[in-house]
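Visitor: Sharing a structure with you now.
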Amino acid sequence: MEIKQQSNGVMKETEAVKKKVNWSGSLIVASLTGAFGSSFLYGYNLSVVNAPAVYIKKFYNETWERRYGFSVDESTLTLLWSVTVSIFAIGGLVGAIIVTPIVKFFGRKCTLLLNNVFAVTAALLMSLSLLAGSFEMLILGRVIMGIDAGISLSALPMYLSEISPKEIRGSLGQVTAIFICIGVFTGQVLGLPEIFGQESRWPYLFGAIIVPSLIQVVILPFLPESPRYLLLEKHNTSEAEKAFQRFLGKDDVSHEIEEVLAESRVQRNTKLVSILQLLRTRAVRWQVATVVVTMGCYQLCGLNAIWYYTNNIFSEAGINHETIPYVTLSTGAVETLAAVFSGLVIERLGRRPLLIGGFGLMIVFFSVLTVSLTLQETVHWLPYLSIFCILAIIASFCIGPGGIPFVLTGEFFQQSQRPAAFMIAGTVNWLSNFAVGLLFPFIQAGLQTYCFLVFAGICLAGAAYLFFVLPETKNKTFHEISQAFAKRNKVTLEMQEMNHYPGERKSSAEQESDFTSSVDNGETKKGIV
C-alpha cells in the first residue's frame, strides 16, 4: 500500500513537471533571432516589390532605351516585370531542394547563419541595380533571395521544432508564421511615399534586407545548436546535454535526453533517408500525403488572389487613390494580429481545430465575397462588405493554414526523416506558389469575380481531407504521433519501429552500447539516472 502511494506521488510529480514549461531566455532569443533573419525576410520580399512597381518599370524602360535607342514595348515590359516577381519562387524551389544536404552537414543553426550569405548578396545586387543601370542585377537578386527563402522556410521550422519542449512546440512553431506576417507588414510600411516609396529611394527597400541578416549573424552564434541534431546525428552527448540545459533553463535534463534516446531506440537508425526512401516507407505514407495536402493548400487557397483584388476593392469603396497605401496597412496589421492570436491559443485548442476551422471560415468568406463583388454595382454599401470579407479571409488564413503546415512537418517525422520531409514540403510549397502566379491571371480573366469559388473549393477539399485524416498532435512526442498514424498506414507498431531500412540501421544492442559508453565516460552521468 505504501509503495503504491509512493508510486502515485512520483506519477503526480512527473505530471507536474511536464505541465510546468519554462520559456528560457535562450529559447526566446533563438526563436526570435532565427525568425527575424529568416521567415521575416520571406514575408518582407513578398510585399516589398508592390509599392515601387511603377518606378521599377520606369527604370526598366529607361535602361532599355539607353541600351537600344528605343522604348521597350508594353508586352516585353510586362514580361520583364512578371519574371522579376515570379522568379522569386524559382529561387525558393532551388533552396528547398538543396536544404537537405546543407542541414545534414552544417546543422540547423549553422545553416541559418550561412544562409545570410545569400541574403546579403541579394540585397547588394538589388539595391545597387539602379546605380549600375542594370535591371538584370535586380532579377538575379530576386533569384538569390528566393534561394535564401527556400532554405530558411525549411531550416527554421526544423530548428524550432527540435529545440522546443513538446508542450509549447506549436506556439514556438508559429513564430515562423508570425514573422512572415510581420515581414509583409514591414514591407508595406517602408513602401509608403514618406519613407522609401519614392522614385529616388526605392533601392533602399532592398538594401534594408541586410539589417535582419546582420542582427542574426551577430546574435545566433552565441546560441546552441539543436540538441536533437547533436545527440542523434553527431552523437555529441555532452554538447546535446548543454544545449538542452540552456534551452530549457534547468540543470536536470534527464527526462528530455531519455525521450530522445527512446526515439533513437525506436527508429534504430540515425542515418538520413532520401526522399525516395521516405516515399517508399509505408509507416509514414499518410504523414507525407498530409504534408503535401497542407502545403499545397497553403499556397493554393487563394490568399494571393486577395492581394490582387485589394486595391480595386478599396477604390470601389470610394477610398481615395492616394489613401489606399495607408488603408492597405490594415491588411498587414490584421495578418500579424491573427498569427499572434494563433500562436497564443494553439497549445490550448490544438492544431486540428485551428487548421480545419481556418479553412472553413475561408470558404464562408470567399462565398460572401463572390456575391458582394458580383452585385456591388447595384448596392452602394456592398464594397464595404467586400473590404470586411478581405480582412476576414486574411485573418482566417493566418489563424490556422498560414503557419500550422510548417509545425506539422516538424512534428510528423523522426529525426532521420525530417530533412527529406521538409524538402518535399518546400518543393510542394514553391511549385504551388509558382503555379498560382502563373495561372491566376488566366483564371481571373476567365471567371472574373467567380474565381474565388475555385479557391473556396480548394479550401473545402483541404478541410475535408484534414477532418478525416489529421490526428491531433498537441503535447505528443514524435513517437506518439507515429503511433496515431500506424493504423491508417496499415502497419503494426513493431513494423513501424523497424523503419524499413534493415541495411542501414544499427542494431538496438549497438546503439545501447554507443550511448552507454558515453554515459560511462562521464558525459551524461548527472543527466541520466
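The values are calculated or read from the model by the stated rules, or taken from the named source; none is laboratory data. As the structure is a computational prediction, the values presented were derived from the model and not from experiment. Backbone-built Cβ (ideal geometry, glycine too); neighbour counts: all protein chains shown. In case anyone asks, the SASA skips ligands and DNA or RNA and just uses the protein heavy atoms, side chains included. Shrake-Rupley method; radii C 1.70, N 1.55, O 1.52, S 1.80 Å.
Visitor: Is it the case that the stretch 301-323 has a residue that's within 22 Å of residue 472 (Cβ to Cβ), open to solvent by 10 Å² or more (accessible area, probe 1.4 Å) and part of a helix (DSSP H, G or I)?
Guide: Step one: filter the stretch 301-323 for residues within 22 Å of residue 472 (Cβ to Cβ), giving 301.
From what's left, open to solvent by 10 Å² or more (accessible area, probe 1.4 Å): none.
No, the stretch 301-323 contains no residue that is within 22 Å of residue 472 (Cβ to Cβ), open to solvent by 10 Å² or more (accessible area, probe 1.4 Å) and part of a helix (DSSP H, G or I).
Visitor: With the requirement that a residue be assigned to a helix (DSSP H, G or I) and open to solvent by less than 30 Å² (accessible area, probe 1.4 Å), what does the stretch 49-68 give you? Even if it seems obvious, please write down each step before you answer.
Guide: Looking only at the stretch 49-68, we keep the residues that are assigned to a helix (DSSP H, G or I), and these are 53-68.
Result: 53, 56, 59, 60, 63.
Visitor: Would you pick out the residues in the stretch 445-457 that are open to solvent by 50 Å² or more (accessible area, probe 1.4 Å) and touching a residue at least 60 places away in the same chain (Cβ under 8 Å)? It would help to see each step written out before you state the result.
Guide: Of the stretch 445-457, the ones open to solvent by 50 Å² or more (accessible area, probe 1.4 Å) are 445-448, 450, 453-454.
Answer for the stretch 445-457, where residues must be open to solvent by 50 Å² or more (accessible area, probe 1.4 Å) and touching a residue at least 60 places away in the same chain (Cβ under 8 Å): 450, 453, 454.
Visitor: Also, I was wondering about something else. Starting from residues that are within 22 Å of the chain's Cα centre (by Cα) and either open to solvent by less than 20 Å² (accessible area, probe 1.4 Å) or among the hydrophobic types (A, V, I, L, M, F, W, C) (or both), keep the ones in the stretch 468-478 and report whichever is nearest to residue 418 (Cα to Cα). Walk me through how you get there before you give the answer.
Guide: As a first pass, look at the stretch 468-478 and keep what is within 22 Å of the chain's Cα centre (by Cα): 469-478.
After this cut, where a residue has to be either open to solvent by less than 20 Å² (accessible area, probe 1.4 Å) or among the hydrophobic types (A, V, I, L, M, F, W, C) (or both) as well, the list is 469-470, 473, 478.
Values: 469: 20, 470: 18, 473: 16, 478: 11 Å.
Applying the filter and picking the extreme gives 478.
Visitor: Quick check on my filter: what residues within the stretch 69-116 are part of a loop (DSSP other than H, G, I, E, B) and open to solvent by 10 Å² or more (accessible area, probe 1.4 Å)?
Guide: Start the filter on the stretch 69-116 by keeping residues that are part of a loop (DSSP other than H, G, I, E, B), which leaves 69-73, 107, 115.
Once the filter is applied, which keeps residues that are part of a loop (DSSP other than H, G, I, E, B) and open to solvent by 10 Å² or more (accessible area, probe 1.4 Å), the stretch 69-116 yields 69, 70, 71, 72, 73.
Visitor: Could you check how many residues of the stretch 170-200 are more than 14 Å from the chain's Cα centre (by Cα) and in contact (Cβ under 8 Å) with a residue 60 or more places away in the chain?
Guide: Residues meeting the conditions: 13.
Visitor: Tell me yes or no: at least one residue of the stretch 400-414 is surrounded by fewer than 22 Cβ atoms within 10 Å (Cβ to Cβ) and either more than 22 Å from residue 39 (Cβ to Cβ) or at pLDDT 90 or above (or both). If you could, list the steps in order and put the result at the bottom.
Guide: Going through the stretch 400-414, the residues surrounded by fewer than 22 Cβ atoms within 10 Å (Cβ to Cβ) turn out to be none.
Within the stretch 400-414 (the criterion being surrounded by fewer than 22 Cβ atoms within 10 Å (Cβ to Cβ) and either more than 22 Å from residue 39 (Cβ to Cβ) or at pLDDT 90 or above (or both)), the answer is no, since none of the residues qualifies.
Visitor: Checking the conditions here, which among 21, 17, 10 is open to solvent by 20 Å² or more (accessible area, probe 1.4 Å), modelled with pLDDT under 85 and not in a helix (DSSP H, G or I)? Walk me through it before giving the result.
Guide: Details: 17 fails: not in a helix (DSSP H, G or I); 10 fails: not in a helix (DSSP H, G or I).
Criteria check complete, one pass: 21.
Visitor: So, in the stretch 347-388, exactly how many residues are farther than 22 Å from residue 307 by Cβ, of a type in the set (Phe, Trp, Tyr) and touching a residue at least 60 places away in the same chain (Cβ under 8 Å)?
Guide: Total satisfying the criteria: 0.
Visitor: Just to be sure, is residue 68 in contact (Cβ under 8 Å) with a residue 60 or more places away in the chain, among the hydroxyl-bearing types (Ser, Thr, Tyr), in the same structural domain as residue 189 (by the TED database) and out of contact with any strand residue (DSSP E or B) (no Cβ under 9 Å at 6 or more places or on another chain)?
Guide: Details: in contact (Cβ under 8 Å) with a residue 60 or more places away in the chain: no; among the hydroxyl-bearing types (Ser, Thr, Tyr): yes; in the same structural domain as residue 189 (by the TED database): yes; out of contact with any strand residue (DSSP E or B) (no Cβ under 9 Å at 6 or more places or on another chain): yes.
For residue 68, the condition - in contact (Cβ under 8 Å) with a residue 60 or more places away in the chain, among the hydroxyl-bearing types (Ser, Thr, Tyr), in the same structural domain as residue 189 (by the TED database) and out of contact with any strand residue (DSSP E or B) (no Cβ under 9 Å at 6 or more places or on another chain) - is not met.
This table checks each residue for (1) modelled with pLDDT of 95 or more; (2) within 18 Å of the chain's Cα centre (by Cα).
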| residue | (1), (2) |
| --- | --- |
| 80 | no, no |
| 86 | no, no |
| 90 | no, yes |
| 97 | no, yes |
| 104 | no, no |
| 114 | yes, no |
| 119 | yes, yes |
| 123 | yes, no |
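Here is a yes/no grid of residues against (1) open to solvent by less than 30 Å² (accessible area, probe 1.4 Å); (2) over 17 Å from residue 39 (Cβ atoms):
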site: 169; (1), (2): yes, no
site: 193; (1), (2): no, yes
site: 197; (1), (2): yes, yes
site: 206; (1), (2): yes, yes
site: 222; (1), (2): no, yes
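Visitor: Also, I was wondering about something else. If you check 196, 206, which single one turns out to be modelled with pLDDT under 95 and out of contact with any strand residue (DSSP E or B) (no Cβ under 8 Å at 6 or more places or on another chain)? Quick ask: steps written out before the conclusion?
Guide: On the way: 206 fails: modelled with pLDDT under 95.
Within the list 196, 206, the selection yields 196.
Visitor: Answer yes or no: is there a residue in the stretch 147-169 that is touching a residue at least 40 places away in the same chain (Cβ under 8 Å), closer than 24 Å to residue 341 by Cβ and among the basic types (Lys, Arg).
Guide: Checking the stretch 147-169: at least one residue is touching a residue at least 40 places away in the same chain (Cβ under 8 Å), closer than 24 Å to residue 341 by Cβ and among the basic types (Lys, Arg).
Visitor: Residue by residue through the stretch 27-48, note down the ones that are closer than 21 Å to residue 225 by Cβ, touching a Phe, Trp or Tyr at 6+ places or on another chain (Cβ under 9 Å) and open to solvent by 10 Å² or more (accessible area, probe 1.4 Å).
Guide: 29, 32, 36
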